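Worksheet for the structure shown next.
The values are calculated or read from the model by the stated rules, or taken from the named source; none is laboratory data. Keep in mind the model is a prediction, meaning the values are calculated, not measured. In this analysis, Cβ positions are derived from the backbone assuming ideal geometry, glycine residues included, and neighbour counts consider all displayed protein chains. The accessibility values were calculated without ligands, DNA or RNA, using every heavy atom of the protein model including side chains. Shrake-Rupley method; radii C 1.70, N 1.55, O 1.52, S 1.80 Å.
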Amino acid sequence: MAYQENDTYGMYSAGKSGTHKGPGPELMGANTLIGDHVHNSEDEHLGEIKEIMLDMRTGQIAYAVLAQGGVFTLGEKLYAVPWSALKLDTENKRILLNVPKARFEDAPGFNSDQWPNMADSIWADATQNFYESRKSDL
């Protein structure tokens, strides 16, 4: 699914004059990103965005929770990906995460019954380090 399909307000479409209307893609509604597919630069599908986690202390987006596999949440694995590791691909209307699929599948994950304490600094540092260390490998 692409963010334009969730755009109930028409923020990302061209107006009657053919010019862009609305705030996107520089500013986007969080709800329009839920369900977006996430791919890597090799065009491998990594998962889809299930949730966007806000840091209520700073007002910043902390993580996108990606889901991979499973059917109707059964058997799916969830990953908290630092928002800074994701990029918007406006040409293909999707989100990019520059991590090879095999490495992504080895990322720290969890299931919907056992969410980690994302506010825990040790967990947050380990998660951030996993994705930051992968940037230097690519």
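Out of everything in segment 83-109 that is β-branched (V, I, T) and within 16 Å of E26 (Cα to Cα), what residue ends up being modelled with the lowest pLDDT? Once the filter is applied, the top-ranked residue is T90. Return the residues of segment 69-82 that are at negative phi and either open to solvent by 40 Å² or more (accessible area, probe 1.4 Å) or modelled with pLDDT under 85 (or both); say none if nothing qualifies. Within segment 69-82, V71, L74, K77 meet the criteria.
Of the set (1) touching an Asp or Glu at 6+ places or on another chain (Cβ under 8 Å); (2) at pLDDT 60 or above; (3) of a type in the set (A, V, I, L, M, F, W, C); (4) part of a loop (DSSP other than H, G, I, E, B), all apply to L27 but (1). Number of residues in segment 43-71 that are basic (K, R) and assigned to a strand (DSSP E or B): the value is 1.
The residues in segment 120-138 that are open to solvent by 60 Å² or more (accessible area, probe 1.4 Å), among the aliphatic types (A, V, I, L, M) and at pLDDT 85 or above can be counted, and the count is 1.
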